[in-house]
Amino acid sequence: MSTISRSISATWWYTVSGVLAFELLLLLSWLGIAASSPSAGAAVAVVGIGGLAWLVASVVLLLQYRHRDDAAGAFADAKRVVAPLLIGAAFGAALGILTGYWTVGLLPLVQLLMLLNWPPGVRLRLVLIAMVLMTALWVIDQRALPDLGDEYRVWWMLGFFSIVLPAMTVLSLWWWDVLVVLDRARIAESRLSATQERLRLATDVHDLQGHHLQVIALQLELAQRLLEKDDHDAALEQLQLARASVADARQGTRDLATRFRGVPLPDEIANAVDLLRAAGTDATAAVAPQAASAPADVLGPVIRETTTNVLKHGAGGSARLSLTRTGDAWRYEIANDVAAPAPDAAERGTGLAGIERRVAEAGGSVEVHRDDAAFRVIASVPARSGTEGTA
């Protein structure tokens, strides 16, 4: 697990925060018990300092868990594991002596053991053993308890958290492991898709160029034989055919490159939304189910240009994109909140004017609307028959 996608880093910190929050809750409870002891000052100091060291040890083990090696065991890097465990054992011993309860004394070490890189089967057995052991010690402590009166319910709550904390910790780490596996699967799928696309491109190039080169070779060979027979007219005809085959090969290569360069419009809009959100804009999109068949060669640059316009001139609060089919035309609209005056003539010449020119060449139209609250650009492009979105 040496590489982890940034997309799930936030989930990791939520996991860490949850584990530390429960540990802090127990630490505050232990401080309350220490404060009620005869030597309250010394007891609170010991529990406070030891508790902070215990929390730090937990953070150290959690960070090691995040960057762990799946093939390594819990004690693969013993030097980095032993010190936190010793801190937990020492803190637990101090708690046990101060409170006189087995449950409180053993929990710090048990909790740190839950944070190690155990194999899945071992971890499950370990957490079950820990819960059974903590329950048994809790029963023993219950028999030794004095009459706590109104504080009895608090003690029961503390015991409940002491018993379930190992299971809650392991469950949080298991959920993190699931997310990592899913993220790896997503990365592997994207890499596989890219590999399949490269193989498909290589196959198409091989089939296209192989066919044309074979034809050209035969035509040139025939022209050579005809020249040897002094049949210049026939040889010239074969050379002209070879030249035409070269032109066909060049055009086929251009068409192939154009097809692979094109991005489907749903992906284009998704990329625009991601870009706007990355800039802090609350962006949403509505895309028709058949949007992949829209003319990408026209609307693709329009989407990119209008997205750039929102980034440059929008207030950065909100943006809304849509691509819908209306009759015999595709309608693309982008609207955003207004931050500053409309672009000046120079900016319009390179931005909106360029959009209008491109759409007009395709037989469409562009509408620009601006008021005090929003700025909208609407591009309508006639639908095409056949394969529209391959460009």
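Throughout, read-outs are computed from the coordinates displayed, never taken from laboratory work. A quick note: this is a predicted structure, and the numbers were derived from the prediction, not measured. Neighbour counts are summed over all protein chains in view; Cβ atoms, including those assigned to glycine, are modelled from backbone coordinates with ideal geometry.
Going from the residue with the fewest nearby Cβ atoms within 10 Å to the one with the most, PHE375, PHE91 rank PHE375, PHE91.
Derived scalar couplings between HN and Hα for the stretch 281-298 equal 8, 7, 9, 10, 9, 10, 10, 5, x, 9, 5, 5, 8, 6, x, 5, 5, 8 Hz in order, rounded to whole Hz, by the Karplus curve 6.51 cos²θ - 1.76 cosθ + 1.60 (θ = phi - 60°), x for Gly and Pro. With θ taken as phi - 60° and the Karplus curve 6.51 cos²θ - 1.76 cosθ + 1.60 applied, the whole-hertz 3J(HN,Hα) list for the stretch 201-217 is 5, 4, 5, 5, 5, 4, 5, 5, 6, x, 5, 5, 5, 5, 5, 4, 4 Hz, x standing for glycine and proline.
Using R0 = 30 Å, the C-beta based FRET efficiency linking VAL139 and SER36 works out to 0.85. Approximating the spin labels as points 7 Å out from Cα along Cα→Cβ, the LYS79-to-ALA217 distance works out to 6.2 nm. If R0 equals 35 Å, the separation of the Cβ atoms of GLU367 and ASP267 corresponds to a calculated FRET efficiency of about 0.90. The gain in end-to-end length when the LEU25 to GLN240 segment is fully stretched comes to 68.7 nm, 0.36 nm per residue minus the alpha carbon separation. Can you work out the PRE-style zone for LEU182? Point 7 Å along Cα to Cβ, and I want the residues of the stretch 106-125 with backbone N under 15 Å. Zone members listed by number: none at all.
If R0 equals 41 Å, the separation of the Cβ atoms of TRP174 and ALA202 corresponds to a calculated FRET efficiency of about 0.45.
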